[in-house]
Amino acid sequence: MLTTRLRGARRGAAVLLTSAVAIAGLAGPVAADRNNPLPSPKKAMAKARASADKVDEVPGMTPAKAAKMGIEAADQTMAAAVDTTGCAKLRVIDSKTGTGASTKISIVGHSATWTIGSMPTSWYTSPPTSAPVWNLYFKGFYWASELAPQFLASGDTAGMDALIKAAANFHVVNPDRGNSLNGWDEGTNLRRTEALNCLYRASGGDARLKPAIEAAAKMNMDPARYYGLPNHSPHNHGAMANLALIDSADLLNRSDWRIFAANRLVRDSGGVWTKGGLTFEQSAAYHHFNKAMWSDIGDLLATYPEQEMRTAAGNIRAYVRTANAALSHLTSPNGKLVPFGDGLPTAFTRTAQPSGSFRDDQAGVLTGRWSWTDPNTSMYLLRYGPPRRLHGQEERTSLVWWAAGAPVLIDPGTFSYDPGIYQTFAKSPIGHSVNIVRNRNFVPSAGVNVTARSSSGSIHGVTTSDSQYGIAHTRNWKIDAGTKKVTLSDTTSGVSTTTAHLDSRWKRMYTAPDGKTMGYSDPQGRLLVVKASYPMREFKGSTNPVLGWQFPQTGQRIQAPQLIMYPAGGTSTMTFQVFGTRDKKPRLVGGR
């Protein structure tokens with residue numbers, strides 16, 4: 001047993017860590033033996049990688065197709081469930097012909113084809129496309145991770161040999177020059193590390209891959225390019241980079257790498273969460289993802305024999321318990337996560353909390369509900385707080401609201417991570433239920449503060465103040481669970497536009513002659529009545545301007561009513577009231 005003394009995890013305390021060779025199940029690099037694959041990744045490692053796939057699952061759409069939507073979709077699917085070789089099950093190959101070294105493929109993102117036995121190495125520096133996803137997959141060797149299990153299953157030793165030669169040669173023809181160009185950025189490198197680990201394990205430890213793994217590990221440990229402390233706030237990329245490095249360490253019996261990665265995880269873990277238990281990434285989906293991943297990281301560190309690592313695992317698990325409680329507050333009455341920020345929230349089993357209210361000023365999230373068991377209860381989620389960062393959207397002062405068992409005011413979701421008109425809409429203020437001051441520039445650095453909050457029986461009230469357009473703006477939300485009614489008032493000296501984003505279930509069936517009242521019905525027979533102090537106009541599925549869209553899945557858009565009101569300044573109001581299937585409904589007459 002090798003022993004290394006590392007300064008450490010907190011306040012320079014010395015931590016004794018032992019190189020647990022038994023973790024990997026081998027005494028060091030072994031000669032290549034394609035008929036005797038190395039042991040599978042540790043269970044906790046594989047589980048942590050698999051949890052990353054959950055954040056962007058898209059029913060009916062393969063991860064590769066979802067990844068066409070942008071770089072972050074690839075971020076979220078890169079750690080897909082792994083097979084016994086540690087190879088990700090992500091499918092990125094669009095076309096494939098031939099066998100052995102003559103295998104010719106193309107990958108998603110571009111139609112360019114190449115033969116794996118004669119790699120177009122010039123593409124590392126002069127790729128045929130600038131598409132970020134294609135470059136990530138090509139230089140991250142995703143395609144090699146996909147081919148390796150196929151070649152093993154079919155006994156294609158020539159094909160496997162071609163993969164190993166290509167992967168082993170990457171750092172030779174395209175060396176790391178200390179910057180993030182040509183595939184040496186942190187995101188591409190961590191994915192290539194996973195591919196190298198996959199090939200090393202699948203080949204039984206082919207020695208030709210060892211220098212490539214060592215080059216990738218060296219870049220991984222470069223603090224200037226590490227997505228975590230001390231140069232960056234902790235981020236899921238940094239956590240995934242550490243998992244990749246630990247897997248490499250286990251394969252090559254490098255206790256120093258394993259210790260280095262474990263201590264970065266310990267150092268970063270405390271900076272992932274707010275005091276309230278949410279992450280700083282400003283996204284329900286990414287909070288869920290981080291909660292799952294850090295839970296698995298805690299399990300991973302607990303496998304180390306040292307008490308210090310077990311203590312660190314216990315601290316991480318305590319953070320995760322708080323994060324899980326916070327996550328429960330982000331659920332709608334039907335138990336599903338309420339989307340806000342980037343990503344697509346996935347299945348989550350919530351637990352009832354002692355309180356129906358939750359407030360986290362660091363994350364800028366305030367929620368309220370009147371029951372944890374009644375599917376027809378009212379529930380709301382308000383975004384406020386610090387400026388947008390990481391996976392956030394410009395949604396502050398916007399409210400998501402459920403009543404009578406149905407979503408009413410919504411967040412539109414995420415269409416893509418690549419630039420485009422729908423992604424601009426989803427990330428910008430106009431895509432949310434906010435007040436926009438016309439003829440003034442938006443100030444993204446301006447904060448939004450909760451200045452008052454009240455709770456009396458069935459009525460909750462929240463007041464916010466901000467200067468997001470350079471002038472004072474006050475917004476008040478009153479949520480009445482008893483009457484299933486929300487009242488919104490905005491006060492500002494500027495001429496403004498108020499937007500209200502309704503769920504796609506609502507179909508307009510009434511508009512008053514003065515445009516100040518609209519009625520909506522849904523398939524279950526509920527009625528929604530919207531009233532405003534100024535005339536409203538509905539946009540639905542508009543492309544010029546882009547208004548009235550909802551994105552239930554990555555790459556999917558559906559039309560949804562978006563109401564626009566044009567106040568003349570001063571104070572303006574809107575009310576939204578839902579009448580359930582058993583409620584007595586008002587008559588709406590004299591309109592169209």
Check your understanding: Quick one: which of Thr483, Thr487 is open to solvent by 10 Å² or more (accessible area, probe 1.4 Å), of a type in the set (Ser, Thr, Tyr) and over 32 Å from the mean Cα position of the chain (by Cα)?
Key -> Thr483
Review point. Which one of these is of a type in the set (Lys, Arg) and under 31 Å from the mean Cα position of the chain (by Cα): Arg526, Arg582, Arg505, Arg587?
Key: Arg505
Revision key, fill the gap. For segment 240-267 the number of residues that are within 26 Å of the chain's Cα centre (by Cα), in contact (Cβ under 8 Å) with a residue 60 or more places away in the chain and surrounded by 24 or more Cβ atoms within 10 Å (Cβ to Cβ) is 5
Exercise for review: Would you tally the residues in segment 215-237 being open to solvent by less than 10 Å² (accessible area, probe 1.4 Å), touching an Asp or Glu at 6+ places or on another chain (Cβ under 6 Å) and more than 22 Å from Asn169 (Cβ to Cβ)?
Suggested key: 1
Review point. Of the numbered conditions (1) among the charged types (D, E, K, R); (2) touching a residue at least 12 places away in the same chain (Cβ under 8 Å); (3) open to solvent by 40 Å² or more (accessible area, probe 1.4 Å), Arg321 satisfies every one except a single condition; which is it?
Key: (2)
Study note, to complete from the structure: Note on Leu588: of the conditions (1) touching a Gly at 6+ places or on another chain (Cβ under 6 Å); (2) part of a strand (DSSP E or B), unmet is (2)
Exercise for review: Return yes or no: is Thr511 in the same structural domain as Tyr417 (by the TED database), closer than 28 Å to Gly343 by Cα, hydroxyl-bearing (Ser, Thr, Tyr) and open to solvent by less than 20 Å² (accessible area, probe 1.4 Å)?
Suggested key: no
**Study point:** Selection within segment 327-355 - within 17 Å of Thr373 (Cα to Cα) and open to solvent by less than 20 Å² (accessible area, probe 1.4 Å)
**Key:** Leu327, Ser328, His329, Leu330, Thr331, Ser332, Pro333, Gly335, Leu337, Val338
Exercise for review: Answer yes or no as to whether Leu366 is touching a Pro at 6+ places or on another chain (Cβ under 9 Å), touching a residue at least 24 places away in the same chain (Cβ under 8 Å) and outside the structural domain of Val408 (by the TED database).
Suggested key: no
Check your understanding: Across segment 276-304, which residue is nearest to Ile259 (Cα to Cα) among those that are hydrophobic (A, V, I, L, M, F, W, C) and assigned to a loop (DSSP other than H, G, I, E, B)?
Key -> Ala302
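The values are calculated or read from the model by the stated rules, or taken from the named source; none is laboratory data. The shown structure was predicted, so the numbers you read here are calculated from the model rather than taken from an experiment. Quick reminder, even Gly has a Cβ in these numbers, built from the backbone with ideal geometry, and neighbours come from all protein chains shown. Protein only, heavy atoms only, side chains kept; ligands, DNA and RNA dropped before computing areas. Shrake-Rupley method; radii C 1.70, N 1.55, O 1.52, S 1.80 Å.
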